[in-house]
Amino acid sequence: MKTSIQPLGRIEQLFNRKQQQIKFQYRLLTAKQRALPSFIVLGARHSGTAALVKYLRQHPQLHHTFQSQTHYFDGGLAKNQDNFDNGESWYRAHFPLRKELAPGQQCFESSTFYSFHPLAAERIKELLPGVKIIFILRNPIDRAICHYTDEKNARREYLPLIKALQMEEQRLSWSLTTQDYRSDAFLHATYKSRGHYKEQIERFLRYFDRQHIKIISIEEFNKSPLKILEQLYQFIGISNFHNKSVTPLQRNQLIHETEVRRYLNHYFSERNQSLYEFCGKSFHW
């Protein structure tokens, strides 16, 4: 009779997963005793959100969620489950206990999808009416190309870049008509749409006061990282923190075919200008 022997690595993986499940059950049981975030970092996908969060987490007064992203207010990326249906206790379970926070310490979370999801702003307002919002933006042309490259490498995209850009509206039409915000097209093929920054910011302004929203770009951060962090600390309401490890977030302009850049330049030219006027400053894209 043959016996099945699990590889040691597989057993360790299963053990770690079970351990994490037990830890999260404890977090759920103590959910009412846990803090909620005082601010949320919203970044367009491939805009430098993770790197900015890394520096914010190094501030002694700030605590991030134990997972990189909760995907609560957007429901998550899996088609067979909706994180938002898990309720407030599930969301609170991602944050530290209030008794663990020293005076002046704050919690925050981050997302690369909340800014784009049509329902997230209203959901955030309902649970966190006084929360502050930090938007980090990136040149939408470079962002779109980087997004496409990521999808291509993950084998979720089969069209050439120029064709995928030209077909985006057609691919998205059914998702937008049916409000299916978890379709493959909405999650993965929104190369241009995620660069409609003004529309996304305006959606949040329907629920939050302008003084509760801070808008920066990755290009600004690259030029003056310490200055931008100081502005963010002031906006959040915490002490200044001189972080010697801060370096520019590496986001060099991506080289691609002239046809693609010409197409995207034409597409985003008026949108970017409208964004500059709306924000009262130019990002020089």
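The values are calculated or read from the model by the stated rules, or taken from the named source; none is laboratory data. Computed from a predicted structure; not experimentally measured. With ideal geometry, Cβ positions are generated from the backbone for all residues, glycine too; neighbour counts draw on all protein chains shown.
For segment 149-182, name all the residues that are out of contact with any Pro (no Cβ under 8 Å at 6 or more places or on another chain) and closer than 14 Å to F113 by Cα.
R182
Looking at (1) touching a Ser or Thr at 6+ places or on another chain (Cβ under 8 Å); (2) in a helix (DSSP H, G or I), which is the one condition that is false for F95?
The one condition F95 does not meet is (2).
Name the single residue, out of those in segment 239-277 being under 22 Å from the mean Cα position of the chain (by Cα) and at pLDDT 95 or above, that is surrounded by the most Cβ atoms within 10 Å (Cβ to Cβ).
Taking segment 239-277 first, the residues under 22 Å from the mean Cα position of the chain (by Cα) are 246-254, 268, 271-272, 275-276.
If we keep only those that are at pLDDT 95 or above as well, we get 268, 271-272, 275-276.
On the way: F268: 20, R271: 17, N272: 21, L275: 23, Y276: 15.
Step by step, filter segment 239-277, then rank; the result is L275.
Give me a count of the residues in segment 123-168 that are surrounded by 22 or more Cβ atoms within 10 Å (Cβ to Cβ) and among the acidic types (D, E).
Summing the residues that are surrounded by 22 or more Cβ atoms within 10 Å (Cβ to Cβ) and among the acidic types (D, E) in segment 123-168 gives 1.
State all residues of segment 195-253 that are basic (K, R) and out of contact with any strand residue (DSSP E or B) (no Cβ under 7 Å at 6 or more places or on another chain); if no residue qualifies, say none.
K198, R203, R206, R210, K223, K227, K244, R251
Restricting to segment 188-219, name every residue that is surrounded by fewer than 20 Cβ atoms within 10 Å (Cβ to Cβ), out of contact with any Lys or Arg (no Cβ under 8 Å at 6 or more places or on another chain) and in a helix (DSSP H, G or I).
Passing the criteria: S193, E199, E202, R203, L205, R210, Q211.
Identify all residues within segment 160-180 that are closer than 27 Å to N265 by Cα and not in a helix (DSSP H, G or I); write none if there are none.
P160, M167
Would you check which residues across segment 98-126 are closer than 21 Å to S183 by Cβ, small (G, A, S) and assigned to a loop (DSSP other than H, G, I, E, B) and list them?
Of everything in segment 98-126, just one residue is closer than 21 Å to S183 by Cβ, small (G, A, S) and assigned to a loop (DSSP other than H, G, I, E, B), namely S115.
Does any residue in segment 262-278 that is in contact (Cβ under 8 Å) with a residue 12 or more places away in the chain come within less than 8 Å, Cβ to Cβ, of a residue that is among the acidic types (D, E) six or more places away or on a different chain, and which pairs are these?
Short answer, once both residue conditions are applied: F278/E202.
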